[in-house]
Amino acid sequence: MAILASHYRLARPAIALQFVLSAALAFTNYQHWQAYRDFVSPPDGRLWVNAEWGLRFYAEAVGGVPLLRGEPVQPGDAVLTSALSSPVNFTTGGGRAALTRQAEVRPALPFCLICLNGRSAYSSAQHGLRAFDLAPGPLDRIKLEGIIAQRPTRSYLEMGDPAATSQIVSGIYDLEGEKWRWMSDRGTVLLQRKPGPLVAKIYLPDAAPGRVVTLTVDGQVVLTQTLPGPGSHELKTENLPAGEGDLSVTLAIDKPFQAPNDARRLGLILSALGIP
């Protein structure tokens, strides 16, 4: 617009066009954030915010807590997610995520400063480098999920099994390579009880300083083992005693570490845990 305005004959039309465009973008941005504010309501329990920018601001104003990678989401919690802000994956701690509400953010005008499938940068260059863009669809999709308790369906969890996500309680991170997960120095899962030994299949990288691993069932230590060094290992207990109810199993290693450019607390790599 400034280039057009440099020619005196085009100054007035350029100023008028600039004003109209600026007003349209401001109106669109107002409707974008207003949609977030209208969607957020005070939670009955703990509300995790799996989002950034305006949605996180309004959710935190009513008591929401930012959801960080590896955060232990539990039954009774709720998770507010924005598709626009690169949400993190999360496990449901022995429950399942049930959709409570969802909405699409669609302002009246087809402009956006940042949007799904757009190429405007706003505050995140991963969406593109344009100052604004025409919106090819909704600016965002937002949803609220409640975490409902459910009994575990597996006695043996291979990390690539989709059911593993609902039975991981804490300390075990996102699935990688479709079959394994990094674990912190302490990871807990829920298992369906059945007769047999408890087995853990793990891998200790060269950089991992920990060597002493412990398996705990319902708060009782059932195995402590010192690993000879890095590499693949299989831990196996004696047959677990009979009982009632589900099992809470914790795998721990004595020394965690941090990899370069990774803020996570790491202990070992887990590929399977449970009673085969």
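Each value in this text was obtained by applying a stated rule to the coordinates, not by laboratory testing. Keep in mind the model is a prediction, meaning the values are calculated, not measured. Cβ coordinates were reconstructed from backbone atoms using ideal geometry, including for glycine residues, and neighbour counts include every protein chain displayed.
Along the axis of the charge dipole computed for the chain (Cβ charges of +1 for Lys and Arg, -1 for Asp and Glu, origin at the Cα centre), the listed residues 217, 105, 136 are led at the positive end by 136. Near the amide H of residue 196, within less than 5 Å, lie the amide hydrogens of 240, all on another chain or at least 5 residues away, with H placed in the peptide plane. In the chain, Cα pairs under 8 Å separated by at least six residues give a relative contact order of 16 percent. Once you place label points 7 Å from the Cα toward the Cβ at residue 44 and residue 141, how far apart are they in nm? Label at residue 44, label at residue 141, 2.6 nm between them. For the stretch 123-217, the relative contact order is 21 percent, taking Cα pairs closer than 8 Å that sit 6 or more residues apart in sequence and dividing their mean separation by the residue count. Net length available on complete extension from residue 199 to residue 104 is 29.7 nm, with 0.36 nm assigned per residue and the Cα-Cα distance removed.
What the Cβ-Cβ distance of residue 258 and residue 12 gives, at R0 = 45 Å and to the nearest 0.05, is a FRET efficiency of 0.15.
Placing R0 at 30 angstrom, the Cβ-Cβ distance between residue 163 and residue 131 gives a FRET efficiency of 0.10 after rounding to 0.05. Each of 273, 50, 155 was placed along the dipole of the chain (beta-carbon charges, centred on the mean Cα), and the one lying farthest toward the positive end is 50. The reciprocal of the average 1/r between distinct C-alpha atoms defines the Kirkwood hydrodynamic radius, which for the chain equals 21.6 Å.
Placing unit charges on the Cβ atoms only, positive for Lys and Arg and negative for Asp and Glu, gives the chain a dipole magnitude near 660 debye about its Cα centre. Each label was represented as a point 7 Å from its Cα along the Cα-to-Cβ direction; for residue 233 and residue 89 these points are 2.5 nm apart. For the pair residue 68 and residue 119, the difference between a 0.36 nm per residue extended length and the Cα-Cα distance amounts to 15.7 nm. In this Cβ point-charge picture (+1 for Lys and Arg, -1 for Asp and Glu), the stretch 152-274 has a dipole of about 120 debye about its Cα centre.
Structural descriptor for the stretch 2-148: relative contact order 22 percent, calculated from alpha carbon pairs under 8 angstrom and at least 6 residues apart. The dipole here belongs to the stretch 2-148: it is taken about the Cα centre, uses +1 on the Cβ of Lys and Arg and -1 on the Cβ of Asp and Glu, and is about 460 debye.
If you find the alpha carbon centre of the stretch 19-72 and of the stretch 205-276, how far apart are they in angstrom? Cα centres, the stretch 19-72 to the stretch 205-276: 38 Å. Taking other residues whose beta carbon is less than 12 angstrom from the beta carbon of residue 198, and scoring Lys, Arg as +1 and Asp, Glu as -1, yields +1. Residues in the stretch 165-178 carry Karplus couplings, in order, of 4, 6, 9, 7, 8, 6, x, 10, 8, 4, 5, 10, x, 6 Hz; the curve used is 6.51 cos²θ - 1.76 cosθ + 1.60 with θ = phi - 60°, and Gly or Pro positions show x. Within a straight-line Cα-Cα reach of under 30 Å, residue 143 can be paired with the following lysines, leaving aside sequence neighbours fewer than 8 residues apart in one chain: 179.
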